[in-house]
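**Student:** Here you go, one structure.
The values are calculated or read from the model by the stated rules, or taken from the named source; none is laboratory data. Just so it is clear, the model here is predicted, and its values are computed rather than measured. Methodologically, a virtual Cβ is constructed for each residue, glycine included, from the backbone with ideal geometry; neighbour enumeration extends over all protein chains shown.
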Amino acid sequence: MQSAFWIHLETLIQSSELVIDRPKGSAHPRAASVIYPLDYGYLKGTSGGDGDGIDVWRGSLYDGRFDAVVCTVDLDKRDAEIKLLLGCTADEKQVICAFHTGVSAAALLIDRMPT
């Protein structure tokens, strides 16, 4: 049953164009002090919790392997979303979780088990 979750997400990734609209080191468009620690973007033609494309973080392991999902909740925005992680090291996964964690926001990492 759990494998179907990962397979379905993998199918979305493989059948969608990855758009990196916030490269590593770039500032958030509405909060200049927020700097993206890794490449961040979305899957074109998909729909996430906010109505935009499903969010994706791309790490330094450019093999594109689908590593994990980060589930986020933001009380200020009053939303919850998932972020797909591609090619991320263990340290990068922790950086991503920290990026999405604050006074009114939290993140949960769900690692994909090797098949």
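Yes/no matrix, rows are residues, columns are (1) surrounded by 13 or more Cβ atoms within 10 Å (Cβ to Cβ); (2) in a strand (DSSP E or B); (3) of a type in the set (S, T, N, Q):
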| position | (1), (2), (3) |
| --- | --- |
| 12 | yes, no, no |
| 20 | yes, yes, no |
| 40 | yes, yes, no |
| 52 | no, no, no |
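**Student:** Going by the conditions given, is residue 84 closer than 19 Å to residue 107 by Cα, surrounded by 12 or more Cβ atoms within 10 Å (Cβ to Cβ), in contact (Cβ under 8 Å) with a residue 40 or more places away in the chain and under 13 Å from the mean Cα position of the chain (by Cα)?
**Tutor:** yes
**Student:** Collect the residues in the stretch 22-38 that are surrounded by 13 or more Cβ atoms within 10 Å (Cβ to Cβ) and among the charged types (D, E, K, R), keeping them in residue-number order.
**Tutor:** 22, 24
**Student:** Just name the residue that is farthest from residue 52 (Cα to Cα) out of those in the stretch 1-25 that are touching a residue at least 24 places away in the same chain (Cβ under 8 Å) and polar (S, T, N, Q).
**Tutor:** 3
**Student:** Across the stretch 61-75, which residue is surrounded by the fewest Cβ atoms within 10 Å (Cβ to Cβ) among those that are part of a strand (DSSP E or B) and acidic (Asp, Glu)? It would help to see each step written out before you state the result.
**Tutor:** If we filter the stretch 61-75 for residues that are part of a strand (DSSP E or B), which is where we start, we get 66-74.
Checking which are acidic (Asp, Glu) leaves us with 67, 74.
Values: 67: 21, 74: 16.
Looking at the filtered set, the residue picked out is 74.
Yes/no matrix, rows are residues, columns are (1) charged (D, E, K, R); (2) at pLDDT below 95:
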| position | (1), (2) |
| --- | --- |
| 54 | no, no |
| 58 | yes, no |
| 67 | yes, yes |
| 84 | no, no |
| 94 | no, no |
| 99 | no, no |
| 102 | no, yes |
